[in-house]
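Participant: Take a look at the following structure, please.
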Amino acid sequence: MELIDSDFVSFCKEREARQTAIKGSLTWETIIAIDPYFDDLLHGIKTIKPGEKFCANETWYKEYKPIILRRVGYFAPNYAPEILKTEKAYDVVYQKLYDALPDCKGCACMI
């Protein structure tokens, strides 16, 4: 007697293959189609007007990283789509948003 139905095993393998393929081709456009909030964050970042002193790293770690940690990657909420709970999704969001920040000006990073 088989403990696990072979149809179920096939189903699981096919599902895993689909998920792997999706993770490999995950793009910013796919992510914002799933959760448009990330696009709102991007537009907010693009409106930042740095003054004489501006630290992109400080802004990132105090304002934006805590938000993305609660929405994407390993710490995404249980109700988030599985694809947003992946390391790849976190990396795509992190890079897109961080790269949109204005450059540092007059901060300790520039020393």
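Participant: For the structure I just gave you, tell me whether Lys53 is in contact (Cβ under 8 Å) with a residue 24 or more places away in the chain, in contact with a strand residue (DSSP E or B) (Cβ under 7 Å, 6 or more places away or on another chain) and either farther than 24 Å from Thr27 by Cα or surrounded by fewer than 12 Cβ atoms within 10 Å (Cβ to Cβ) (or both).
Facilitator: yes
Participant: Is it the case that some residue within region 80-93 is closer than 18 Å to Ile45 by Cα, at pLDDT 95 or above, in a loop (DSSP other than H, G, I, E, B) and out of contact with any strand residue (DSSP E or B) (no Cβ under 8 Å at 6 or more places or on another chain)?
Facilitator: Among the residues of region 80-93, not one is closer than 18 Å to Ile45 by Cα, at pLDDT 95 or above, in a loop (DSSP other than H, G, I, E, B) and out of contact with any strand residue (DSSP E or B) (no Cβ under 8 Å at 6 or more places or on another chain), which makes the answer no.
Participant: Between residues in region 66-89 that are of a type in the set (Ser, Thr, Tyr) and residues that are modelled with pLDDT of 90 or more and in a helix (DSSP H, G or I), which pairs lie under 8 Å by C-beta distance while being six or more apart or on different chains?
Facilitator: If the second residue must be modelled with pLDDT of 90 or more and in a helix (DSSP H, G or I), the pairs left are Tyr74/Lys85; Tyr74/Glu87; Tyr74/Tyr90.
Participant: Answer yes or no as to whether Ile22 is of a type outside the set (Asp, Glu) and either modelled with pLDDT of 95 or more or not in a helix (DSSP H, G or I) (or both).
Facilitator: Criteria not met by Ile22.
Participant: Say whether the condition of being at pLDDT 95 or above and under 20 Å from Gly106 (Cβ atoms) is met by at least one residue in region 26-46.
Facilitator: Yes, because at least one residue in region 26-46 is at pLDDT 95 or above and under 20 Å from Gly106 (Cβ atoms).
Participant: Would you confirm whether or not region 67-74 contains a residue that is at pLDDT 95 or above and loosely packed, with under 11 Cβ neighbours inside 10 Å?
Facilitator: No: region 67-74 contains no residue that is at pLDDT 95 or above and loosely packed, with under 11 Cβ neighbours inside 10 Å.
The values are calculated or read from the model by the stated rules, or taken from the named source; none is laboratory data. Bear in mind that the values here come from a model prediction, so they are computed numbers and not experimental data. Please note: Cβ atoms are built from the backbone with ideal geometry, for glycine as well, and neighbour counts cover all protein chains shown.
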